[in-house]
Every structure is written in C-alpha cells, then in structure tokens.
Amino acid sequence: MIDQLSALRLFVRVARSGSFSRAAREQHITQPTASRTIAALETEIGAALFTRTTRALTLTEAGADYLERIETLLDALDQANHAVRGSGELRGVLRVGLSSSMAVRAVIPLLPSFAEAHPALRIELIINDQRQDLIVEGVDIALRFGAMADSGAVARLLVRWPRLIAAAPSYLARRGVPRSPAELARHSAILPHAGVGAGWTFRRDGQETTVRVDGQIMVTAHDGAIAAAVAGLGIVAATRLSCRLELASGALVPLLAEWEMSDVTVNAVFASGRAAKPAARALAQFLIERLPQL
C-alpha cells in the first residue's frame, strides 16, 4: 500500500508538471526510477495513463479521468490522516511558493518556531520572483503581494503593510530631495519590469494625487530594486518591512513622510477545487499571527 501510494503521488506530479524528470527531482528519485514506477502503475491498473513522444508527455483520456479521481482521494486521505491523529501533529511535505523578498525579509526569520512545533513536517520553500502555477508546480500555499491575479485560486489575507518611497543619500545629493509628489516627475524611479510610466498615488488631508513616474532602471525582483536604490540609482517604492534594515542603517532615506501611500496586502493563496492541506492552513494561521509583529 505504501508503495502504491508513493506511485500515485508520483503520477499526480508527473501529470501536473508534464515531466518525468521534474517530478523525479521533486520526489528525490532518479528519472529512470520515476519512469519504471509509472509503467508499473499502468500495468497494475491495466490502462495507459500517458502518451509519450520525444517532444511531449500528455495524459490519455483514461489518465485525465484517473488524475481527477486520484487527486480527490489523496486530498481526502491527507485530511483523514490528520484528523485521526487528533494531536494536531503535521506530517508529510509542505510546498510553499514565495518571492525572494518575502522569503528573506519575512518568512524565514519567523520559520524556526513553526518548524520546531512540527518536527515531522518537511517544508520546501519554492523561491521564485515570478508567480508560480500552483497546480503545475505542486504548490500547497503561495504567499503573494498585492491584488489577486488568479481567477482559479482561493486567497486568505495575511497582513497589510504600509508602503513608502525612499532613496539613498548619494542620489539625493545629486538630484535633490523631492518636497511634493509633483516633483517626483523629474526624478528617476526604480520600476518593476515593464513598469515604464507607472503611477504612484499619495494621500494627505483627504486629498489624493497620482504622479506618473519613469526611470532608467527596471528590476524584476523586489530585493534587487531596493539594492538599486541603495546604490543611488533612483527612488524606490517599497513596503516598510522590505527596507527596514536599510532605513535603520541610513542606507535609504524615507521621502515625503507627510504623504501616505496605499498599503500592500499579503495573501496566502491556495489552488481552487482542492481542499487545502492541514499544514498549509496551519502555516497561514501562523503567519496571520506573526507577520503583523514584523
């Protein structure tokens, strides 16, 4: 039964990722072992699950039907195992998708107490500044900044963090200190990728103003944007948490402190249509309690 369960879990990952080699790496086995395991599973159930060519690996009609049924059963099994234990002990593997900034600045510093409370749980941090496909990559819970972009996902709000703009003393010495949002139009902003012409919105005394900003530097990773600001390349918009060390050391100086920017939301995202793992729900609750303390 244990071998069969392992084969079924492997089948789900091969089907979702579309790759024997990728699924094998995730399961910490070799690609030939993964291929043999799936072949043995196909022999046992008496049906071909995949169509294999040199260019693609696709599910057969029987394989697609089997995948839907098996995922439901495996989710139910995980729920049942957790309920029967009764102690709240979490086991198995929890795959967490998050950006490098979220990992380094927030989650990893908080993780020791969660890991210590659940010693039988293996936690895999899938750090990627591009949003993961929860189903394809087998992510149990993704931690994401900003508004929801996945129509086929379920989110739970974890925390709201205040946002600000900041720049390095070296940049301000060269370009001057902006005294109002309007003055930002003549400054250089550090922008997210393809963010040319972005707008920054500020509020004060019930009034709101949006300034169109531009700049020479575009960065795909948030920590990279902060590093670029520290280097004097421009003004960055960031959460206070993500640049708190730089603010404390004086490497960055906050600007327009009398103006407020909108908060940034942090959400826990789960794939829809499937019950969230108990470990994923437990991590979300843990972060709801701990993230505001940062």
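No value in this document is a laboratory result; all are computed from the given coordinates. Computed from a predicted model, the values in this text were never measured in an experiment. Here the Cβ is made from the backbone with ideal geometry for all residues, glycine too, and neighbour counts use every protein chain on show.
Brief remarks follow.
- What you get for region 99-257, charging only the Cβ of Lys and Arg (+1) and of Asp and Glu (-1), is a dipole of about 640 debye around the Cα centre.
- The chain: Rg to Rh, with Rh as the Kirkwood radius over Cα pairs: 1.07
- FRET efficiency estimate (nearest 0.05) - Cβ-Cβ, S180 to R156, R0 41 angstrom: 0.60
- Region 1-100 - percent relative contact order, Cα under 8 Å, separation 6 or more: 20 percent
- Between helix 278-290 and the chain there is an angle of about 20 degrees, using the helix long axis and the longest principal axis of the Cα atoms.
- Note on A62 and V84: the model spin-label points, each 7 Å out from Cα along the C-beta direction, lie 3.0 nm apart.
- In plain terms, the chain from T72 to R240 could stretch by 56.4 nm, reckoned as 0.36 nm per residue minus the Cα-Cα distance.
- Average silhouette area of region 163-262, convex hull of alpha-carbon atoms, in square nanometres: 5.7 nm²
- When the Cα positions of A257, F202, A7 are compared along the charge dipole of the chain, A257 comes out farthest toward the positive end, with charges on each C-beta of Lys, Arg, Asp and Glu.
- Cβ-based charge dipole, region 2-85, positive-most Cα from L67, P32, G46: P32
- Label-point separation, S170 to A221 (7 Å along Cα→Cβ), nm: 2.0 nm
- Across S170, S101, S242, mean-square fluctuation computed from a Gaussian network of the chain (C-alpha pairs under 10 Å connected) peaks at S170.
- Choice from L98, L77, L90 with maximal GNM fluctuation in the chain (Cα, 10 Å cutoff): L77
- Under the Karplus curve 6.51 cos²θ - 1.76 cosθ + 1.60, θ = phi - 60°, whole-Hz ³J(HN,Hα) for region 36-53, x wherever Gly or Pro sits: 5, 5, 5, 4, 5, 5, 5, 5, 5, 8, x, 8, 7, 9, 10, 9, 10, 10
- Positive-pole candidate from A83, I226, W161, dipole of the chain, charges at beta carbon: I226
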